[in-house]
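Take a look at the structure set out below.
The values are calculated or read from the model by the stated rules, or taken from the named source; none is laboratory data. This one's a predicted model, so the numbers in the text were calculated from it and none came from an experiment. Note that each Cβ is placed from the backbone with ideal geometry, even for glycine, and that neighbours are counted across all protein chains shown.
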Amino acid sequence: MNQIMDGKKISNEIKNEIKQEVSELKEKGIEPTLAVVLVGEDPASKIYVSNKKKACEYVGIRSLSYLLPKETTEEELLSLVQTLNNREDIHGILVQLPLPSHIQEEKVIMSIDPKKDVDGFHPINVGALSIGKKAFLPCTPAGIIELLKRSDISIEGKHCVVIGRSNIVGKPISMLLLRENGTVTVCHSKTVNLKELCQQGDIIVAAIGKANFITADMIKPGAVLIDVGINRLENGKLCGDIDFNDCKDKVSAITPVPGGVGPMTIAMLLYNCVLGARQQGEE
């Protein structure tokens, strides 16, 4: 039987570990707190924020929601972030992306205190990751590593093919796979021999946002497939970047969509928030 990596089950294991740690921190007088800022009415973003709130409740993290109208100016948002930076009772700040077009995302990311940057997007955290120093790791890539490790899949010595080079997934997951002693090839929209490179991959991470893009003829027997994509088909169903039904009988392990990488992302966000509370409590 080929292994279907159960992100829901593994994320629940992590959440239960975090729940215990939150309880221990509270005994020391530290209440881990996450501030979530949402600008506008993007439906997908509202669902993400709601899911994060529920997850915080489950593990005992206090969550504060700041729901701002779409018309909020860049200056007003930056002012709010600065206020949250200065509050000692807040350990993590998350500004939900995407932001309305009149607000520069990069400026907002830069404004978050790196010690509270639980998304792991601030250049200081990205730089620390790239040279192997301790930092907040971006949640989806960190979740992928945990998913592999807790599914007893070794990364060391494997040829890892990452498809996509975004700052949120592609680049950081390639660095984390390197950190775990994988040999990494990064492919993208300008890669010429994509199919041949995929066929060499022991572990393939697909993060390109193209529905069912990876098919069975692009992979070698026994490969491990990690699907980061979330695409909605015309019939309303969700699917990933990997054609699950086409590939599942050829692989040794594969993540489903939904229920694979998605739940791991939220678990690692909670992990980062508790890490922030612990580090700020030690200062």
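For the range 243-283, filtered to residues that are β-branched (Val, Ile, Thr) and assigned to a helix (DSSP H, G or I), the residue that is nearest to Glu17 (Cα to Cα) is Val274. Return yes when Ser23 is without any contact (Cβ under 8 Å) to a residue 40 or more places away in the chain and small (Gly, Ala, Ser) and no when it is not. Criteria met by Ser23. Mind listing just one residue for me: the one in the range 101-120 that is touching a residue at least 12 places away in the same chain (Cβ under 8 Å) and more than 27 Å from Ala142 (Cα to Cα) and, of those, surrounded by the most Cβ atoms within 10 Å (Cβ to Cβ)? For the range 101-120, the residue satisfying everything is Ile103.
Taking the residues in the range 218-237 that are β-branched (Val, Ile, Thr) and modelled with pLDDT of 95 or more as candidates, determine which candidate is nearest to Ser189 (Cα to Cα). This residue is Val228.
Every residue, every condition in (1) farther than 19 Å from Ala253 by Cα; (2) buried (at least 19 other Cβ atoms within 10 Å of the Cβ); (3) at pLDDT 95 or above, yes or no:
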{"residue": "Val161", "(1), (2), (3)": "no, yes, yes"}
{"residue": "Arg165", "(1), (2), (3)": "yes, no, yes"}
{"residue": "Gly170", "(1), (2), (3)": "yes, yes, yes"}
{"residue": "Leu178", "(1), (2), (3)": "yes, no, yes"}
{"residue": "Val192", "(1), (2), (3)": "yes, no, yes"}
{"residue": "Gly201", "(1), (2), (3)": "no, yes, yes"}
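Within the range 39-86, the set of residues being part of a helix (DSSP H, G or I), under 20 Å from the mean Cα position of the chain (by Cα), modelled with pLDDT of 95 or more and small (Gly, Ala, Ser) comprises Ala55 only.
Within the range 203-217, the set of residues being over 19 Å from Arg165 (Cα atoms) and either crowded, with 24+ Cβ neighbours inside 10 Å or at pLDDT below 95 (or both) is empty. Conditions first: (1) assigned to a loop (DSSP other than H, G, I, E, B); (2) more than 21 Å from Ser151 (Cα to Cα); (3) charged (D, E, K, R). Glu196 passes all but one, so which condition is the exception? It fails just one condition, (1).
Could you tell me whether the range 183-204 includes any residue that is within 30 Å of Leu64 (Cβ to Cβ) and aliphatic (A, V, I, L, M)? Scanning the range 183-204, I find no residue that is within 30 Å of Leu64 (Cβ to Cβ) and aliphatic (A, V, I, L, M), so the answer is no. Restricting the search to helices (runs of 4 or more DSSP H) fully inside the range 87-181 and requiring at least 3 residues that are within 24 Å of Val257 (Cα to Cα) gives 139-150, 170-179.
Taking the criterion of being farther than 24 Å from Gln96 by Cα, aliphatic (A, V, I, L, M) and under 19 Å from the mean Cα position of the chain (by Cα), the residues of the range 1-38 that qualify are Met5, Ile10.
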